[in-house]
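Take a look at the structure below.
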Amino acid sequence: MKHSKLTALIFIALILGVLFGHFYPHAAVKMRTFAVIFLRMVKMIIAPLLFATLVTGIAGHSDVKKLGKIGIKTLVYFEIVTTLALIIGLTMGNIFNPGKGFATSSVANPELLKEAGLMAVTTPHTSIAQMVMNIFPTSIVEAMSEGNLLQIVVFSIFMALAICSVGKKAQPVMDLLNSVSQIMFKFTEYVMYFAPLGIFGAIAATVGTNGLSILKNYAKIIFSLYTALAVFVLLVLFIACKYARISLRNLLKAIQEPALLAFSTASSEAAFPKAISIMEKFGVPQNIVSFVMPTGYTFNLDGSTLYLAMAVIFSSQICGINLDLNQQIIMMLALMLTSKGIAGVPRVSLVVLAGTLASFNIPLIGVAILLGIDQILDMGRTTVNLIGNCVATVVIARWENAFDYDKMKLFIKDFDSDKSDDLSLCDTNCENVSENIEG
């Protein structure tokens, strides 16, 4: 219910922002301050959120050794699929060029962005050697203060590996970091309560500065992302389902309830319990579901990963930075690491995007622009995250020769019969209503 209310408030803020920007353009321009304040709040949670979730995510799955082949196969599959998501995101970004022709003055003037810490040097890294040198921090405190996401990721990985090696003696540290992780999830939730105000300010200032014509640019971004997500589902996930010898259509039919929940709330966590229950009924063994699904929400967020690739291209294009193939490959390698720090809560992709852009010295104005329509973008990418993790459970079960095809057929049969019963009940009710009206 909380997620539904927040979603409704965000859409109301979006509509009010458009109307306010159109009818009161001079006053609307001043509303950009709300957007900048919200983005500053987003920036302040980057370091602790990423550090806590990444360390607990890696160290907390030290039981991969116990699971043996299942753990290794799961991580291999996740890496392959997320890499394909990055490739599709970069490819579609270069095809659609959503950032070209987008005026950077549409959200906030440069001085205000500098005050918010959203402007940076516009010289991206140009070589693999430069990127590799930059990802190793001299001080984790400095890395956190500067919001250097790559350096935080590297430190977190080494920290997690050390915790795994120490074993039981490191349990107090794990307990502390688990507590910090939970606190940061709640912290992030509180920050996101300010999203409607930030979105109102961003969209009002955008429309007030450029008029309603700017909405065409937003439509282009939305169309580009949803097309890329559809290509990923119909290409990558379709092939994965073919390998597992199941119908993608039947899988989508089975998980339509949690998928709709994920789409409407833009939260993977909201749909997580229902998805696990359905995948067990669908024929995936409980031990595989209980490992692959939670791990997937740390390492296999396909929709968010694809979005990050497109968002980086968009952010560089609006700043007039043309990334060549070599630079885009470097960026993709970096996103393979940074995308693993995404938590399953709304708007966290903005946090990771801000940190990634800062690591490559690209101005963060793209984050401010995307803020206005992030709810719409988040709904699509969160749904694909859910679908991707459900497909992953089936693939791993098939890989282990543990998938129960008879159970799947029975589930689909029962599902279809339930739907037909609902339709027949609806027809009966309609007939009764018609008779009552005639009477």
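No value in this document is a laboratory result; all are computed from the given coordinates. Bear in mind that the values here come from a model prediction, so they are computed numbers and not experimental data. As a convention, Cβ positions derive from the backbone with ideal geometry for all residues, glycine included, and neighbour counts pool all protein chains shown.
Which FRET efficiency value, to the nearest 0.05, is calculated for N178 and K216 with the Förster distance at 56 angstrom and r the Cβ-Cβ distance? Display every interim value, and only then the final one.
Numbers: r = 46 Å, r/R0 = 0.82.
It comes to 0.75.
Quick check on the stretch 174-321: what are the equivalent-ellipsoid semi-axes from the Cα gyration tensor, as sqrt(5λ), descending, whole Å? Kindly include the intermediate steps, with their values, before the conclusion.
Numbers: eigenvalues 212, 107, 44 Å².
Three semi-axes, in Å: 33, 23, 15.
Return the subset of K281/K409; K253/K409; K168/K274; K73/K253 for which the Cα-Cα distance in this structure is over 22 Å, preserving the input order.
Details: K281/K409 10 Å; K253/K409 13 Å; K168/K274 33 Å; K73/K253 26 Å.
Beyond 22 Å between Cα atoms: K168/K274; K73/K253.
What length, rounded to one decimal in nm, is gained on full extension from K409 through to F238, with 0.36 nm per residue of separation minus their alpha-carbon distance? Provide the component values of the computation, followed by the final result.
Values: separation 171, 0.36 × 171 = 61.56 nm, distance 1.86 nm.
Residue separation times 0.36 nm, minus the Cα-Cα distance, leaves 59.7 nm.
Among 375-382, 44-51, 272-279, how do they line up from the highest to the lowest mean number of other beta-carbon atoms within 10 Å?
Numbers: 375-382: 23.1, 44-51: 21.4, 272-279: 19.1.
Listed from highest to lowest mean packing, they are 375-382, 44-51, 272-279.
Roughly how many whole Å is it from the C-alpha centroid of the stretch 256-308 to that of the stretch 382-404?
With the stretch 256-308 and the stretch 382-404 each reduced to a Cα centre, they are spaced 9 Å.
F194 to F223: extension gain in nm, 0.36 nm per residue of separation minus the Cα-Cα distance? The partial results should precede the final answer.
Values: separation 29, 0.36 × 29 = 10.44 nm, distance 2.63 nm.
Stretched out fully, the F194 to F223 stretch lengthens by 7.8 nm.
Which whole-Hz couplings ³J(HN,Hα) result when phi for each residue of the stretch 327-333 is put into the Karplus expression 6.51 cos²θ - 1.76 cosθ + 1.60, θ = phi - 60°, listed in order with x for Gly and Pro?
Running phi through 6.51 cos²θ - 1.76 cosθ + 1.60 with θ = phi - 60° gives 5, 5, 5, 4, 4, 5, 4 Hz.
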